[in-house]
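Taking it in order: structure first as structure tokens, then the write-up.
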Amino acid sequence: HTGLGISLANQGQLVRSLGELEEAIRLDARQEPGARNLSFGIHARSYAARTLFLLGHHDRARQLLRETIHLAGQADPPNLALLLAFAASLYYRMHEPYRTRECADAAIAIARERGFPFALALASTYRGWAVGGEEGLREIEEGLAQFVALGAAASRPHGLLAEAYHEQGRAEDALAELDAALDSGSEARTYQAELHRARGEILLERGSVEEAGAYFRDALDVARQQSARTLELRAATSLARLLRDQGRHEEARALLRPIHDWFTEGFDTTDLQDAKALLEELA
């Protein structure tokens, strides 16, 4: 169930994935303490937390992630380092830099002490995003280079380098990185909507309004196909801003209001706060 759930998640089949992962968690919880394989339980919970977040259940995702980190404290160091690095990746997706860095620093400390290069590479890339600026960009590039050196280039995280390039005003490099991410392995399918949206934001800044709008709509379509409510909200917010700037306020409201009102939790997140502020402006 854990393996199937992870495979489905990486294919963007989020609802089916969550069902498999929840079954894995249920089976794990039934095991006697001495008979449990903590690795399966940890991986099932960590991927379920990510899937819950993408499906729009932010508070449930955070709670499960906290429980998973607590459980991982009972596990062997390789699993703990990898879980903390994965937690950093999820906090990055939630746009929470403090917690991203906190988890990444903890993973890096264990990975360096015990010699776990994959966890070190993964955590380093997300720490770079949390640090930001030129220093952060260097850390991201160094972390991604480690994936190549390990022969694990297909497992490298997507989006961070493009975001860092964009922050540094390197739009062409950011667009090239997003194109490479969209052409990459299966993990990119999980975040395909976000990659399209990010490309649209850069194009919009460059004045390519029509092309940017097309990418925002592509992002919406993909997110809806995957039931990825969080990514749908982000895409709808980006497109609604574009419509607002074109004076199409009613159309922007009609687009954003239903997806915003669907959410019943996570109101302290950046995504919902941004959408709410835009709706108030459009009122």
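The values are calculated or read from the model by the stated rules, or taken from the named source; none is laboratory data. This one's a predicted model, so the numbers in the text were calculated from it and none came from an experiment. Methodologically, a virtual Cβ is constructed for each residue, glycine included, from the backbone with ideal geometry; neighbour enumeration extends over all protein chains shown. All accessible areas refer to the heavy atoms of the entire protein, side chains included, with ligands and DNA or RNA removed. Shrake-Rupley method; radii C 1.70, N 1.55, O 1.52, S 1.80 Å.
A compact table of results
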read-out	value
Members of segment 87-118 that are assigned to a helix (DSSP H, G or I) and more than 17 Å from the chain's Cα centre (by Cα)	D105, A106, A107, I108, A109, I110, A111, R112, E113, R114, P117, F118
Long-range neighbours under 8 Å by Cβ, at least six apart or interchain, first residue under 19 Å from H58 (Cβ atoms) within segment 211-238, second open to solvent by 50 Å² or more (accessible area, probe 1.4 Å) and not in a helix (DSSP H, G or I)	Q226/Q13
L71 vs. criteria out of contact with any strand residue (DSSP E or B) (no Cβ under 8 Å at 6 or more places or on another chain), within 20 Å of Y126 (Cα to Cα), open to solvent by 10 Å² or more (accessible area, probe 1.4 Å) and not hydroxyl-bearing (S, T, Y)	no
Near pairs, Cβ below 8 angstrom, 6+ apart or cross-chain, from segment 100-117 (modelled with pLDDT under 95) to any residue that is open to solvent by 70 Å² or more (accessible area, probe 1.4 Å)	P117/L150
Selection within segment 27-42 - part of a helix (DSSP H, G or I) and open to solvent by 10 Å² or more (accessible area, probe 1.4 Å)	L27, D28, A29, R30, P33, G34, A35, L38, S39, F40
Pairs with Cβ under 8 Å, 6+ apart, first in segment 64-75 and assigned to a helix (DSSP H, G or I) and among the polar types (S, T, N, Q), second modelled with pLDDT under 90 and surrounded by 20 or more Cβ atoms within 10 Å (Cβ to Cβ)	T68/I42; T68/L83
Given (1) over 26 Å from L52 (Cβ atoms); (2) surrounded by fewer than 17 Cβ atoms within 10 Å (Cβ to Cβ), index of the condition Y215 fails	(2)
Residue match in segment 240-262 (condition: open to solvent by 10 Å² or more (accessible area, probe 1.4 Å) and within 30 Å of S7 (Cβ to Cβ))	yes
Test for G151: is it open to solvent by 60 Å² or more (accessible area, probe 1.4 Å) and free of Cβ contacts under 8 Å to residues at least 40 places away in the same chain	yes
Selected residue [open to solvent by 50 Å² or more (accessible area, probe 1.4 Å) and either within 26 Å of I202 (Cα to Cα) or within 19 Å of the chain's Cα centre (by Cα) (or both)] from G169, G143, G159	G169
Those residues of segment 45-88 which are of a type in the set (S, T, N, Q), out of contact with any helix residue (DSSP H, G or I) (no Cβ under 7 Å at 6 or more places or on another chain) and closer than 19 Å to I6 by Cα, in sequence order	none
Whichever residue in segment 53-68 is closer than 13 Å to A87 by Cα and open to solvent by 20 Å² or more (accessible area, probe 1.4 Å) and, among such residues, is farthest from the chain's Cα centre (by Cα)	E67
Positions within segment 74-104 being of a type in the set (S, T, N, Q) and open to solvent by less than 30 Å² (accessible area, probe 1.4 Å), in sequence order	N79, S89, T100
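Results for (1) surrounded by fewer than 16 Cβ atoms within 10 Å (Cβ to Cβ); (2) over 20 Å from A85 (Cα atoms); (3) at pLDDT 85 or above, shown as yes or no for each residue.
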| position | (1), (2), (3) |
| --- | --- |
| H1 | no, yes, yes |
| V15 | yes, yes, yes |
| L21 | no, no, yes |
| I25 | no, yes, yes |
| A44 | no, no, yes |
| T51 | no, no, yes |
